[in-house]
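What follows is one structure encoded as structure tokens, with my remarks underneath.
The values are calculated or read from the model by the stated rules, or taken from the named source; none is laboratory data. Here the structure is a predicted model, which is why all the values come from computation and not from measurement. Backbone-built Cβ (ideal geometry, glycine too); neighbour counts: all protein chains shown. Keep in mind that these areas ignore ligands, DNA and RNA; they rest on the heavy atoms of the full protein, side chains included. Shrake-Rupley method; radii C 1.70, N 1.55, O 1.52, S 1.80 Å.
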Amino acid sequence: HPLEKALRAATDAVSLSGKSGDRTLQATSRYWRAFLLAQTGRLPDAQRAAEEAKAFYKKAGEDRGAALTLMLQGNVAEALGQKGEAKAFVESALEIASKLGDAALEDDAAKLLDRIEGKGLAAPVVQMGQIDGAPT
């Protein structure tokens, strides 16, 4: 897969971030690893990696990162045919986005929720809004 090199780099970043003691950095490296696992079709691995990223974001008090990870989890669950789980992830992301007053993230979550519920047009597994607004 063309993203294999990026996935290896993301895996290295996860290892290196552990030495930093910075939970946000640890969470972000895990988010991108999960994202790349999803993009390379390794959906069960992406699920596990995203759960780990979300836990690190929560420990770091980074609500926006946790919400973005929930969006990723929703996309992955939907791709695996886990519609109920996908909906729950995205509803949680929408709730966080609303609390944060992040209109763009709320809009992305609402669109993804519509797609999961069959109200929207087909969209890629990971929306562009996630990439643009992804944690840095």
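In segment 29-42, which residue that is within 12 Å of the chain's Cα centre (by Cα) and not aromatic (Phe, Trp, Tyr) is surrounded by the most Cβ atoms within 10 Å (Cβ to Cβ)? By that ranking, first place goes to ALA34. Does at least one position in segment 66-81 carry a residue that is out of contact with any Ser or Thr (no Cβ under 8 Å at 6 or more places or on another chain), in a helix (DSSP H, G or I) and open to solvent by 60 Å² or more (accessible area, probe 1.4 Å)? No, segment 66-81 contains no residue that is out of contact with any Ser or Thr (no Cβ under 8 Å at 6 or more places or on another chain), in a helix (DSSP H, G or I) and open to solvent by 60 Å² or more (accessible area, probe 1.4 Å). Which one is nearest to LEU3 (Cα to Cα), of the residues in segment 31-50 that are in a helix (DSSP H, G or I) and charged (D, E, K, R)? In this case the residue turns out to be ARG33. One residue stands out in segment 82-98 among those that are of a type in the set (Gly, Ala, Ser) and out of contact with any Leu (no Cβ under 6 Å at 6 or more places or on another chain): the one that is least open to solvent (accessible area, probe 1.4 Å), namely ALA86.
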